[in-house]
Amino acid sequence: MFDFDYQLSMLPKTPGVYIMKNSSGEIIYIGKAKILKNRVRQYFRKSGLDTKTRMMVSNVAEFEYIVTDSEIESLLLEQSLIKENMPKYNINLKDDKRFPFIKITLGEDFPRVFMTRATPKDGSRYFGPYTDVGSVYDTLESIKKIYPIRTCRRIIVEGGPPQKPCLNYHMGLCSAPCAGYISKDDYGAMINDIIRILSGHEISLNRSLKKEMEEAAENMEFEKAASLRDRLRAIEKVQKKQKIYFAQKESDEDYVGLYSDGQDTCVQVFFLRGGKIQGREHFILKDTLDQDKGYLLTEFLESFYGKTAYIPKTICTEETGDPALLNEFLTLKKGSPVKVEIPRIGEKRRLLDLVIKNAEVSLSQFKGKMLKEKEEGLSLISELGEILDLDQLPMRIESFDISNIAGVDSVGSMIVFEEGKPRNSDYRRFRIKTVKGANDYDSLKEILTRRFKRGLDELERIKSKEMDYTLGRFSFFPDLILMDGGKGQVSAAKEVLGELGLDIPVAGMVKDDRHRTRGIIMDNREISLQGRRNILNFVTRIQDEVHRFAISYHRSLRNRTQINSRLDQIKGIGPKRRKNLLMTFGSIEEIGKATEEELLKVPGMDKKSAASVTEYFKNLENTDE
């Protein structure tokens, strides 16, 4: 047993990180401390804790800690451990996305410009974050119409052997540096113009282009003047796509505002680039209850900027817990000075107030949508309960399906709907272990047995207090099981439930000859859903979702096999290097885009293996052309 009194007395009076664990040894919270002894002991006092913290502490079975030399080191370590373990009670920004950026590969003689979500420190220039992927593609298309830059992944070095230009050159969309048709300096001038546009500094560019256009007209070079005119118009289009709000000065700033209604919180972020609001994003933090506003904002800023690739020079926000520590943390992350401002008056304050107002509106819209969805969901399950003559409302519905191709890589899926809407966190996938070939009935029996046996085991552990009920992954049983299929699938499910002594209603979702949902089969009778549009749509949605989830898992297994076999074709790439490459770049497409310098940063890679990878994809690209 963990001796809390003794361990608390042994805590050092130094900075560090503390790690809270539950009875299963799972990490549920990670925090930093200026003085470990003082901070950790605060959790185990009987008063002064907010509701969420009291709930967390009630689940703590043990804790451990790591001593650091300074408070900033503890903050950096805390962020690293949170990212790795994703503890339940930390702010993990589940709404967070890997925002798209526009990348310019400045490390190459003839740089490329493209969208990416991976932002390694490779000497490239990144612009963003953007919150609308569509606007990124529109911006890139507009830029490529203005400047004939290359889009291929070839390794092109100035003075290298000329290559055959691709179709883009003949269409006037590429200046063909591969064939030596443009110098490095002239190509670089185009890239500099693109950087000015994306940085929001296009006013001076417009001025110089306009002057050049007027000079060309005076010299009666009308074709050149018309080309410059078209370029100016195209640049104006790009500006309009990015322009939302003008600041008094051209600057890169983020504005972060928070609004709480006492139960939940919304944090809104406005991204200003070159003095214009380039995008915005909001994050809903649920069940914040009576948590301190400054604490929430500090946690958010540390978590958000601990993950994002780009940190602006200035972040305007409200009062935080420790602005000096936050400044130091952000400066270390960025590699250059970052200033966290708390504007009181003036234009910046007015914009911050606007951000806070948007946070209030976003939270109101979110809660209104949630309430409407809940009412609609309860109405649907009430009607479904009446149709099936159930004793209680089917608040939790589980559905199961099998996917395979000719019996290969058989997989099972389980999806969950609660109160009429999907509960994605409870979705489960199963690889079929005991059944050979395409036998859907036996495969269904296997996954149902595994699912409910695991649930029964968890319930026993919860009853004996070996496990906290909130940690159960299978211990919540459904009020209704909907099988994707007819009598055979329903019988398979009932057989498993009978063997386990469980009494759960089971129904099947049947389709017509056109493969469209037509009704529900229960107790050996089919119930038509014709004329019940809402329920028909609801059941169709469940049936489509369980099928989609099973197919997506099966496809991911096939793709993984294909990717592995494709990388195995590259000389010098074995299982370990293959795994490291995929972990670093995320996909075979990103590996194909990587330069030798980027590949050399992957653990286990050397010059020879990196050259093999780039040569393989170069040959593949030339073959495709």
- The lone condition Gln365 fails out of (1) of a type outside the set (Ser, Thr, Tyr); (2) within 24 Å of the chain's Cα centre (by Cα); (3) crowded, with 19+ Cβ neighbours inside 10 Å is (3)
- Item | Options Arg344, Arg349; residue that is not in a helix (DSSP H, G or I) and not hydrophobic (A, V, I, L, M, F, W, C) | Arg344
- Query: How many of the residues making up region 63-82 are touching a helix residue (DSSP H, G or I) at 6+ places or on another chain (Cβ under 9 Å), over 17 Å from Asn38 (Cα atoms) and surrounded by 14 or more Cβ atoms within 10 Å (Cβ to Cβ)?
  - Reply: 5
- Task: Would you check if Ser124 is without any contact (Cβ under 8 Å) to a residue 24 or more places away in the chain and either under 16 Å from Tyr310 (Cβ atoms) or crowded, with 19+ Cβ neighbours inside 10 Å (or both)?
- Result: yes
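Matching residues to (1) at pLDDT 90 or above; (2) open to solvent by less than 30 Å² (accessible area, probe 1.4 Å):
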| residue | (1), (2) |
| --- | --- |
| Phe477 | yes, no |
| Gln489 | yes, no |
| Ala492 | yes, yes |
| Ala507 | yes, yes |
| Arg516 | no, no |
| Ile520 | yes, yes |
| Arg555 | no, no |
| Arg558 | no, no |
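Which of the residues spanning region 329-362 are among the aliphatic types (A, V, I, L, M) and surrounded by fewer than 13 Cβ atoms within 10 Å (Cβ to Cβ)? Working first, answer last.
Taking region 329-362 and keeping what is among the aliphatic types (A, V, I, L, M), we get 330, 332, 338, 340, 342, 345, 351-352, 354-356, 359, 361.
Selection gives Ile345 alone.
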- Task: Six or more apart or on different chains, Cβ under 8 Å: which pairs go from a residue in region 571-596 that's over 28 Å from Phe110 (Cβ atoms) to one that's of a type outside the set (A, V, I, L, M, F, W, C) and in a helix (DSSP H, G or I)? Could you list them?
- Result: Arg577/Ser609; Arg578/Asn564
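Among the residues of region 32-39, are any surrounded by 20 or more Cβ atoms within 10 Å (Cβ to Cβ) and in contact (Cβ under 8 Å) with a residue 40 or more places away in the chain?
Residues of region 32-39 surrounded by 20 or more Cβ atoms within 10 Å (Cβ to Cβ): 32-33, 36.
Then drop every residue that is not in contact (Cβ under 8 Å) with a residue 40 or more places away in the chain, which leaves 32-33.
Yes, there is a match, as at least one residue in region 32-39 is surrounded by 20 or more Cβ atoms within 10 Å (Cβ to Cβ) and in contact (Cβ under 8 Å) with a residue 40 or more places away in the chain.
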- Item | Of all residues making up region 33-92, the number that are of a type outside the set (A, V, I, L, M, F, W, C) and in a loop (DSSP other than H, G, I, E, B) | 16
- Inside region 429-454, the number of residues satisfying the requirement of being crowded, with 16+ Cβ neighbours inside 10 Å and not in a helix (DSSP H, G or I) is 5
- Query: If you scan region 274-327, which residues turn out to be within 19 Å of Phe101 (Cα to Cα), open to solvent by 40 Å² or more (accessible area, probe 1.4 Å) and in contact with a helix residue (DSSP H, G or I) (Cβ under 9 Å, 6 or more places away or on another chain)?
  - Reply: Arg280, His282, Lys307, Tyr310, Lys313
- Filter pass, Ile356 being farther than 30 Å from His282 by Cα, part of a helix (DSSP H, G or I) and either of a type in the set (Gly, Ala, Ser) or touching a strand residue (DSSP E or B) at 6+ places or on another chain (Cβ under 7 Å) (or both): no
- Before we move on, is Arg125 at pLDDT 80 or above, basic (Lys, Arg) and closer than 30 Å to Val613 by Cβ? yes
- Query: Can Ser399 be described as under 23 Å from Gly519 (Cβ atoms) and either open to solvent by less than 10 Å² (accessible area, probe 1.4 Å) or under 26 Å from the mean Cα position of the chain (by Cα) (or both)?
  - Reply: yes
- Considering only residues that are touching a Lys or Arg at 6+ places or on another chain (Cβ under 6 Å), open to solvent by less than 60 Å² (accessible area, probe 1.4 Å) and in a loop (DSSP other than H, G, I, E, B), look in region 1-31 and name the one that is farthest from Leu325 (Cα to Cα). Leu11
- For region 566-615, please list each of the helices (runs of 4 or more DSSP H) lying entirely inside it that holds at least 2 residues being of a type in the set (Asp, Glu) and open to solvent by 60 Å² or more (accessible area, probe 1.4 Å). 596-600
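The values are calculated or read from the model by the stated rules, or taken from the named source; none is laboratory data. Note that the structure is a prediction, hence the values are computed from the model and not measured. Neighbour counts are summed over all protein chains in view; Cβ atoms, including those assigned to glycine, are modelled from backbone coordinates with ideal geometry. Each accessible area value is taken on the protein alone, full model and side chains, heavy atoms only, with ligands, DNA and RNA left out. Shrake-Rupley method; radii C 1.70, N 1.55, O 1.52, S 1.80 Å.
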